[in-house]
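The block underneath contains the structure these notes are about, expressed in structure tokens.
What follows is calculated from the coordinates using simple rules that are stated; it is not laboratory data. Predicted model, so just to flag it, every value in this text is computed and none were measured. Positions of Cβ are generated from backbone atoms using ideal geometry, with glycine treated the same way; all protein chains shown enter the neighbour counts.
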Amino acid sequence: MMISLKKGGKMSFIDVKNKKGTADKTPPAGYSTWLDFWEKKKGKKATNCEVLSCKGKADVGGHVIKSGEGSKEYILPLCYSCNNKPEEEIFKAWDNDLISVK
Ligand SMILES: [Zn+2]
């Protein structure tokens, strides 16, 4: 994972979890996939899985929720393996890289 510390500002890790039962959800009009949604909102290419400890590729735009925040969904680029983590498994990601589904 490439981490740029030059930007400064608030960059922090947060605890997130997979949201299950989202496989049949289609992205909003104008986006071909959830990964495409993330890339266009973020204005950059998703290259690496965003799970902090993972060195996988960004295979999909995974639906995640912030631990303790309730059911609000965010999109995060994940590798297939991380996208299949059990719902109760907490992992760390950059707060800035979560894109709200809204
Ligand atoms: Zn991963």
Run down the aspartates and glutamates and flag those whose C-alpha is under 14 Å from the C-alpha of residue 45, throwing out any fewer than 8 positions away in its chain. 36, 59, 97
Trypsin sites (Lys or Arg not before Pro) within the stretch 12-52, DSSP loop, no more than 13 other Cβ atoms inside 10 Å: 20, 25, 44, 45
How big is D for the chain, in µm² s⁻¹ as a whole number, if Stokes-Einstein is applied with the Kirkwood radius of its Cα pairs at 20 °C and 1.002 mPa s? 157 µm²/s
Candidates 18, 48, 83, ranked by Gaussian network fluctuation over the chain, Cα under 10 Å, top entry: 48
Those aspartates and glutamates that a straight Cα-Cα span of less than 17 Å connects to residue 92, excepting residues fewer than 8 apart in one chain: 15, 50, 69, 73
Search the structure for amide H atoms under 5 Å from the amide H of residue 56, placed 1.01 Å from N in the peptide plane, and list their residues when 5 or more places away or on another chain. 49
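Might you report the magnitude of the Cβ-based charge dipole of the chain about its Cα centre, with Lys and Arg at +1 and Asp and Glu at -1, to the nearest 20 debye? Provide the component values of the computation, followed by the final result.
On the way: 19 positive and 13 negative charges, 89 e Å.
Here the size comes out at about 420 debye.
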Counting only C-alpha contacts under 8 Å and six or more residues apart, can you give the relative contact order of the chain as a whole percent? 36 percent
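Please report the relative contact order for the stretch 41-99, taking Cα pairs under 8 Å with a sequence separation of at least 6, and give it as a percent rounded to a whole number. Please list the in-between numbers first.
On the way: 87 pairs, mean separation 21.9, N = 59.
Relative contact order, the stretch 41-99: 37 percent.
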Let me have the 222 nm mean residue ellipticity of the chain computed from DSSP H runs of 4+ only, each contributing -39500 (n - 2.57), with the sum over all residues rounded to the nearest 500. -3000 deg cm²/dmol
Could you check which residue among 78, 35, 52 shows the biggest mean-square fluctuation in a GNM of the chain with a 10 Å Cα cutoff? 52
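Longest exposed-loop-site-free stretch of the chain, with GluC sites (Glu not before Pro), DSSP loop and at most 14 other Cβ within 10 Å? If you can, show how the numbers build up before the last one.
Values: sites that count: 69, 87, 88, 89.
The answer is 1-68.
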Non-local amide H neighbours of residue 19 (under 5 Å, H modeled in plane, Pro and chain starts lacking H): which ones? 63, 64, 65
